[in-house]
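Below you'll find the structure, written out as structure tokens, and then a few comments.
The values are calculated or read from the model by the stated rules, or taken from the named source; none is laboratory data. Keep in mind it's a predicted model, so treat the numbers as computed, not measured. Here the Cβ is made from the backbone with ideal geometry for all residues, glycine too, and neighbour counts use every protein chain on show. Accessible surface areas use protein heavy atoms only, side chains included; no ligands, DNA or RNA. Shrake-Rupley method; radii C 1.70, N 1.55, O 1.52, S 1.80 Å.
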Amino acid sequence: MTQSVVVQVGQCGNQVGCRFWDLALREHAAANKKGIYDEALSSFFRNIDTRSGDNGPDIYKGKIRSLKARALLIDMEEGVVNEILQGPLRDVFDSKQLITDVSGSGNNWAVGHKIYGCQYQENIVEKLRKTAEHCDCLQCFFIIHSMGGGTGSGLGTFVLNLLEEEFPEVYRFVTSVYPSGEDDVITSPYNSVLAMKELTEHADCVLPIENESLLEIVNKIHQMINSGKLGSTVKQNSLVTSSAGCAKTLSEKPFDAMNNIVANLLLNLTSSARFEGSLNMDLNEISMNLVPFPRLHYLVSSLTPLYTLADVNVPSRRLDQMFSDAFSRDHQLIQADPKHSLYLACALLVRGNVQVSDLRRNIERLKPSLHFVSWNQEGWKTGLCSVPPVGHSHSLLALANNTCVKPTFIELKDRFMKLYKKKAHLHHYLQIDGMEQNCFSEAISSLSDLIEEYNELDATKGGPRVDPSRLKIAV
């Protein structure tokens, strides 16, 4: 069994990471009734014998002693990490796997990347190596960060570069939370575009998520429940935004519901690495099958169902609806409509009591309404994991390499140019050692090139499907 390490950077990264570990423990508790440390748990947790102190040896078999997350927590303000260490999850994190400062990055990519990056480089590398040493077969690093602030965007992408240098063979999956247009951080367009250059060059896969979409999904769920339109009670623990059954903090914060959606995305993404299934999908298969061009590795994600009704069984019609929802605009985690854009490839990760025949039937049903590139008409990758999420009988995570991400990037570029044309706030960045104006021009050039690559693919949409010419043999 392979292992993965989660690197959570900045306030957003640590808050989402905290929800992920909380929900992961709940999921394993539901699946592992005997309290045995098994391969599923070993993928994200170490089992330590703490009878001889916190530095006790790892236990690879037998009863669960003390679970420690395979995680590195980094934030240049100590508030969120201190809150985690004082909360119900404090014993899940190894105190030696934390890196904090007090002053923060001041919403400045250059401070996070250039100043704190250099200052903490050796410390970060040492802790990453220590975490890797505890893995038998390290397969993947998951970075969770936001794009709008200084630490998440700047130091988060610095860590990504370090991972490529130190562990070039290990996959780098990045979950990036993009700010909305009404973001209260004025410099967020600068931070996001500077970070995007690093993501495009150094990540294997990026899962972009927009705050706006998360908020819409949360509001949609609340409206459905409060309006009584569902006509039935919602099954307890089944909301994709729910913290029910988790270790509770004193009060649930407004962002917790949004963070739970991202945490559920990561749980479903890693389910095949943690549990058995008739058609398991390895994490490296996602990158291998969904990324035909190295720079176009931005995958649009959608989660279904958002809730389960308590008194309804799962006839095939409801199962089919789950697949249809995964391709609808309302369920995407960014502001995008994949159905009316071009697919390079698509992965369906299904959990629960779903048969291969259900998968095939729905792919055949949906195929005519989806536009795939002419050279990859059968660009589907499927995974079946037998263990459903807590509160659900079945669930689906769809990952699409689709040109529908382009509008998000165009909007980001426009917001960047509004500031950059006026040279607004530039001096805050240029006064940092190692930060020059060509950093900005290179970053916006990289984003423009990326948009142009998507434009070139879009230009092929709707063209006649041409079979590749074959070698003619003279008789």
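Between amide H atoms placed 1.01 Å from N, distances below 5 Å from Ser66 occur with Ile48, Thr50, all of them 5 or more places distant or on a separate chain.
Evaluating 6.51 cos²θ - 1.76 cosθ + 1.60 at θ = phi - 60° for every residue in region 98-112, the Karplus couplings come out as 10, 10, 9, 10, 10, 8, x, 9, x, 6, 10, 3, 5, 5, x Hz, glycine and proline recorded as x. Derived scalar couplings between HN and Hα for region 133-147 equal 4, 7, 9, 6, 9, 6, 9, 8, 9, 9, 9, 10, 7, 10, 9 Hz in order, rounded to whole Hz, by the Karplus curve 6.51 cos²θ - 1.76 cosθ + 1.60 (θ = phi - 60°), x for Gly and Pro. Expressed to the nearest 5 percent, the antiparallel share of DSSP beta bridges inside the chain is 40 percent. Over the C-alpha atoms of the chain, the Rg to Rh ratio, Rh being the Kirkwood estimate, stands at 0.96.
Pairs spanning more than 28 Å between alpha-carbon atoms, out of Lys68/Lys406; Lys63/Lys130; Lys197/Lys418; Lys381/Lys406; Lys114/Lys413; Lys127/Lys381: Lys68/Lys406; Lys127/Lys381.
How big is the C-alpha Rg of region 334-418 next to the rule-of-thumb value 2.2 N^0.38 Å, as a ratio? Spell out each step's value before the answer.
Numbers: Rg = 15.8 Å, N = 85, 2.2 N^0.38 = 11.9 Å.
Against the compact-globule rule of thumb, the ratio is 1.33.
Let me check I have the definition right: for region 311-453, take the eigenvalues of the Cα gyration tensor, multiply each by 5, take square roots. What are those semi-axes in whole Å, largest first? Write out the running numbers ahead of the final one.
Details: eigenvalues 338, 63, 34 Å².
In descending order, the three semi-axes are 41, 18, 13 Å.
The length gained by stretching the chain between Leu426 and Ala31 to full extension, at 0.36 nm per residue less their Cα-Cα distance, is 137.0 nm. Taking Arg90, Arg26, Arg351, Arg318 and ordering them by how much accessible surface each has at a 1.4 Å probe, largest first, produces Arg90, Arg318, Arg26, Arg351. Note on region 14-162: percent of Cα-Cα distances in each 10 Å bin, starting at 0 and stopping at the bin with the largest distance, equals 10, 38, 34, 14, 3.
Scaled to the globular estimate 2.2 N^0.38 Å, the Cα spread of region 1-93, given as radius of gyration, is 1.10. Farthest toward the positive end of the dipole of region 407-460, out of Pro407, Ala443, Leu426, is the Cα of Leu426, where the dipole comes from beta carbon charges about the Cα centre.
Each Lys and Arg adds +1 at its Cβ and each Asp and Glu adds -1 at its Cβ; summed about the Cα centre, region 21-141 shows a dipole of about 460 debye. The ellipsoid that matches the Cα gyration tensor of region 407-460 has semi-axes, each √(5λ) in whole angstrom, of 27, 12, 7, with the longest given first. When Rg and Dmax are taken over the Cα atoms of region 146-217, they come to 12.6, 39 Å. Each Lys and Arg Cβ is given +1 and each Asp and Glu Cβ -1; about its Cα centre, the chain then shows a dipole of about 1360 debye.
Remark: region 407-460 carries a charge dipole of roughly 500 debye about the Cα centre, counting +1 on each Lys and Arg Cβ and -1 on each Asp and Glu Cβ. For the chain, the residue among Gln119, Tyr171, Ile221 whose Cα projects farthest onto the positive side of the dipole built from Cβ charges is Ile221.
Coordinate range of the alpha-carbon atoms in region 179-224 per principal axis, descending: 41, 28, 8 Å. Sequentially through region 361-371, phi angles give Karplus couplings (6.51, -1.76, 1.60; θ = phi - 60°) of 4, 6, 5, 5, 5, 8, 3, x, 8, 10, 9 Hz, Gly and Pro residues having no value and appearing as x. Inter-label distance, Lys220 to Phe293: 2.9 nm, where each label sits 7 Å from its Cα along the C-beta direction.
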